[in-house]
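Right, one structure below, let's go through it.
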Amino acid sequence: MKTAFDVVVVGMGPTGATLANLCGQRGLQTLIIERSAEPYPQPRACHLDAEIARVFQGLGFERELHELLSESAGMEYVDETGARLFTFEGVERAPLLGWHEDYVFIQPQIDAMLRDGLSRFANVEVQLGHEAPPIDELLEIGRFIVGCDGAGSVVRGQLGAELIDLGFDQRWLVVDVMMHDTASPALPSIIQQVCDPERLATFVPSHGRHRRWEFHLDDDEPTPDPWQLLAPWHVAPHNANLVRAVAYRFHALVADRWRVGNVFVAGDAAHQMPPFMGQGMCSGVRDVVNLAWKLAEMLDTATDSEAADRLLDSYEAERRPHVEAVTRLSIEAGDMLSRLAADPSHSSAALQPAEMPSTSVVPEEFQWSRLPGLDLGHDFPVGHLVPQPDRLDDRLPHGWVWVTQHDDFAAPDGRPVVVDPNATYGRRAVLVRPDRYIAAVA
């Protein structure tokens, strides 16, 4: 650890491994430290959306994704008999990002994909089986430190950041099995939130033969036999192998600060949410995609200290409101289970499943491009992802870029221009940030 690094990443789960790949792609000298010598073998996260698939595509993993992902059929709320109360289908966004809206996967396979990808980069060093030194020692070898070390984050603790409770705390048993045969027994092909007054549950038909159940537990209840809980689903040792059965507390927490100087937290180290919308891992990946290009920009350009602080502060300013909005949506989705179990007639007035909140916003104080001819608001969704027809990202550089339908557009700031014949911007061009969000319109 005598080499100077641009970025030191603590933790090699999906959030940390994604950040290390992003840093490797951008040429940053990167060290990632993971205390476990071997990858965590059991599935935890099992859902990702189109935006995260697009991120992994941008990291060069498209071929692997077609093997490791299964398209999800959506989610519905059902009563204890399996009769539908209401569904999230029919309100999904158009597939503007180049991928289907939702996918399921087996996390150890995604973890392996991300870890194997790091071998491509001579500028990324991996240290497995090592506890990270204290922050003051890390800052002697790395300019920026990012704690991606999970819910019990040591980095967060050393920063003195406190977790704010957003008002959800329940005990659930998570049960993962591998079915011997995906056709028998006949299980639902859609994610189900089961509003059973006897015991709330969630069922997830995951990738391949993997199936997941989550069962609500009372706080003082002894952990039940998972096979007894699975029996009504006709799942038993003769047709399935038990992968794990672990009791968890589903929390809704967010750190009160995500940055102290050149030290940051991301993923579960910065926030935790109940799993009812499948956005935990997705939110961590969004964190590091937002942060990575800002660290790269700090290292690539000479920036005065005030501008540097604004840029680095924009990480939390952009990500935290979205995380809190998604967490509230996840809490509402979980609370809906209890309300419908108590009175299924409320389903007609149930949570109308809106689109996920805009993934990022670009607050006015962080809109850097204030050039003549730019309209930072107008009627185009500044702060939203640029659409990706026909794998547009594969033709975009890693940095800032103008995207337009017209080959006669002259960039007012000298940045590169990519012509997209499929763009729907009319006579406008959009300035796209390195994380593929629209920052301005000309």
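The values are calculated or read from the model by the stated rules, or taken from the named source; none is laboratory data. Model, not experiment: these values are computed from the prediction. Using ideal geometry, Cβ is built from the backbone for each residue, glycine included, and neighbour counts are taken over all protein chains shown. Accessible surface areas use protein heavy atoms only, side chains included; no ligands, DNA or RNA. Shrake-Rupley method; radii C 1.70, N 1.55, O 1.52, S 1.80 Å.
For ALA186, the conditions (1) touching a His at 6+ places or on another chain (Cβ under 9 Å); (2) open to solvent by less than 40 Å² (accessible area, probe 1.4 Å) are fulfilled apart from (2). Taken as a whole, the condition of being outside any loop (DSSP other than H, G, I, E, B), open to solvent by 60 Å² or more (accessible area, probe 1.4 Å) and farther than 20 Å from SER36 by Cβ applies to GLU137.
Checked against the criterion of being modelled with pLDDT of 95 or more, among the hydrophobic types (A, V, I, L, M, F, W, C) and touching a Gly at 6+ places or on another chain (Cβ under 9 Å), the stretch 83-104 has at least one qualifying residue. State all residues of the stretch 164-183 that are closer than 24 Å to ASN239 by Cβ and open to solvent by 30 Å² or more (accessible area, probe 1.4 Å); if no residue qualifies, say none. Those that are closer than 24 Å to ASN239 by Cβ and open to solvent by 30 Å² or more (accessible area, probe 1.4 Å): MET178, HIS180, ASP181, THR182, ALA183. Restricted to the stretch 2-88, the set of helices (runs of 4 or more DSSP H) holding at least 1 residues that are buried (at least 22 other Cβ atoms within 10 Å of the Cβ) comprises 14-25, 50-58. Taking the stretch 140-163, which residues are out of contact with any Gly (no Cβ under 8 Å at 6 or more places or on another chain) and open to solvent by 60 Å² or more (accessible area, probe 1.4 Å)? Matches in the stretch 140-163: GLU140, ARG143, GLY152, GLN158, GLU162, LEU163.
Only one entry in THR30, THR18 is under 22 Å from GLU131 (Cα atoms), in contact with a Gly (Cβ under 7 Å, 6 or more places away or on another chain), hydroxyl-bearing (Ser, Thr, Tyr) and modelled with pLDDT of 95 or more, namely THR30. Looking across the stretch 417-434, just one residue is in contact (Cβ under 8 Å) with a residue 60 or more places away in the chain and open to solvent by 10 Å² or more (accessible area, probe 1.4 Å), and that is PRO434. In the stretch 400-416, the condition of being without any contact (Cβ under 8 Å) to a residue 40 or more places away in the chain, out of contact with any His (no Cβ under 9 Å at 6 or more places or on another chain), among the β-branched types (Val, Ile, Thr) and open to solvent by 50 Å² or more (accessible area, probe 1.4 Å) is met by no residue. Would you check which residues across the stretch 227-278 are among the β-branched types (Val, Ile, Thr), open to solvent by 40 Å² or more (accessible area, probe 1.4 Å) and in contact with an Asp or Glu (Cβ under 7 Å, 6 or more places away or on another chain) and list them? Answer for the stretch 227-278, where residues must be among the β-branched types (Val, Ile, Thr), open to solvent by 40 Å² or more (accessible area, probe 1.4 Å) and in contact with an Asp or Glu (Cβ under 7 Å, 6 or more places away or on another chain): just VAL243. With respect to being over 24 Å from GLU51 (Cα atoms), part of a loop (DSSP other than H, G, I, E, B), modelled with pLDDT under 90 and not small (Gly, Ala, Ser), ASP390 falls outside the description. Scan the stretch 66-76 and give yes if some residue there is over 19 Å from ALA132 (Cβ atoms), at pLDDT 95 or above and touching a helix residue (DSSP H, G or I) at 6+ places or on another chain (Cβ under 6 Å), otherwise no. Within the stretch 66-76, one or more residues are over 19 Å from ALA132 (Cβ atoms), at pLDDT 95 or above and touching a helix residue (DSSP H, G or I) at 6+ places or on another chain (Cβ under 6 Å). Starting from residues that are surrounded by 24 or more Cβ atoms within 10 Å (Cβ to Cβ) and under 12 Å from the mean Cα position of the chain (by Cα), keep the ones in the stretch 286-304 and report whichever is farthest from GLY150 (Cα to Cα). Filtering the stretch 286-304 for residues that are surrounded by 24 or more Cβ atoms within 10 Å (Cβ to Cβ) and under 12 Å from the mean Cα position of the chain (by Cα), the one farthest from GLY150 (Cα to Cα) comes out as VAL289.
Taking the criterion of being out of contact with any helix residue (DSSP H, G or I) (no Cβ under 9 Å at 6 or more places or on another chain), without any contact (Cβ under 8 Å) to a residue 60 or more places away in the chain and among the charged types (D, E, K, R), would at least one residue in the stretch 174-197 satisfy it? Within the stretch 174-197, one or more residues are out of contact with any helix residue (DSSP H, G or I) (no Cβ under 9 Å at 6 or more places or on another chain), without any contact (Cβ under 8 Å) to a residue 60 or more places away in the chain and among the charged types (D, E, K, R). Among the residues that make up the stretch 313-321, is at least one of them open to solvent by less than 40 Å² (accessible area, probe 1.4 Å) and within 19 Å of PRO274 (Cβ to Cβ)? Checked against the condition, which is being open to solvent by less than 40 Å² (accessible area, probe 1.4 Å) and within 19 Å of PRO274 (Cβ to Cβ), the stretch 313-321 yields at least one hit. For ALA341, state whether it is open to solvent by 10 Å² or more (accessible area, probe 1.4 Å), touching a Cys at 6+ places or on another chain (Cβ under 8 Å), touching a residue at least 12 places away in the same chain (Cβ under 8 Å) and not charged (D, E, K, R). For ALA341, the condition - open to solvent by 10 Å² or more (accessible area, probe 1.4 Å), touching a Cys at 6+ places or on another chain (Cβ under 8 Å), touching a residue at least 12 places away in the same chain (Cβ under 8 Å) and not charged (D, E, K, R) - is met.
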